[in-house]
Amino acid sequence: MSSTPNKVLIVDDDFISLEVLKAMVRQYPVEIITAQTGHEAITAAIEHRPTLILLDHELPDIDGIDVYCKIVEKLGSETPNTAMVTGHQHDDFAERCSAAGINTQLHKPVKPHELADLLRIASGV
């Protein structure tokens, strides 16, 4: 394993949700980066190149799917594995995520075993 820790970018505008996800991810040997807006998330993804992004669907400035698409525009094949996180059930949510290239959706509250599986797959931890 390299000496540089894997990085996880957690994006959520809700303080409590952000803190809960941070607490869950903190159990793993990863560096945690956070963002509370879509614009912050795009900048952080480009600057820090995380191995995994946990991306809230509903952000105050840009929809999470649009954030992901903007990251793909900038990073192309180097786009990090991304899981869309939502607290709402939308009829076309999974279809919209899949169409954008996001194949993992997590529903709030995120279950620890789902997060563990995702970190193990995406980050190798």
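Points worth noting:
- Around S17: net Lys/Arg minus Asp/Glu count, Cβ-Cβ under 10 Å: -3
- Top of V72, V30, V20 by mean-square fluctuation, Gaussian network on the chain, Cα under 10 Å: V20
- The accessible area of C69, taken with all protein chains in place and a 1.4 Å probe, comes to roughly 50 Å².
- Partner lysines whose Cα lies under 17 Å from the Cα of K108, excluding those fewer than 8 positions away in the same chain, are identified as K22.
- Here region 22-39 is scanned for amide nitrogen atoms under 12 Å from the site 7 Å beyond the Cα of D61 along Cα-to-Cβ, giving 35-39.
- Per-residue surface analysis assigns E40 an accessible area of about 90 Å², computed on protein heavy atoms at 1.4 Å probe radius.
- For L119, neighbours were defined as the other residues whose beta-carbon sits under 15 Å from its Cβ, and their charges (Lys and Arg +1, Asp and Glu -1) total +2.
- Inter-site label distance for I46 and D117 at 7 Å from Cα along Cβ, in nm: 3.4 nm
- Test item: Cα-centred dipole of region 1-97, Lys/Arg +1 and Asp/Glu -1 on Cβ, debye: 560 debye
- Estimated FRET transfer efficiency (E95, E31; beta-carbon r; R0 30 Å; 0.05): 0.35
- Across S17, S98, S77, the residue with the most accessible area heads the list, and the full order at a 1.4 Å probe is S77, S98, S17.
- Highest mobility in the GNM of the chain, judged by mean-square fluctuation with C-alpha springs under 10 Å and restricted to G64, G76, G87, is found for G76.
- Highest-fluctuation residue, L55, L106, L75 considered, GNM on the chain with Cα pairs under 10 Å: L75
- Scanning residues 5 or more positions from I10 or on other chains, those with amide H under 5 Å from its amide H are I33, T34, A35, L54, with H placed 1.01 Å from N in the peptide plane.
- When the residues K7, K70 are ordered by accessible surface, computed with a 1.4 Å probe over the protein chains alone, the sequence from largest down reads K70, K7.
The values are calculated or read from the model by the stated rules, or taken from the named source; none is laboratory data. Everything numeric in this text was worked out from a predicted model, so none of it was measured. With ideal geometry, Cβ positions are generated from the backbone for all residues, glycine too; neighbour counts draw on all protein chains shown. Just so you know, the surface numbers come from the protein's heavy atoms only, side chains and all, with ligands and any DNA or RNA stripped out. Shrake-Rupley method; radii C 1.70, N 1.55, O 1.52, S 1.80 Å.
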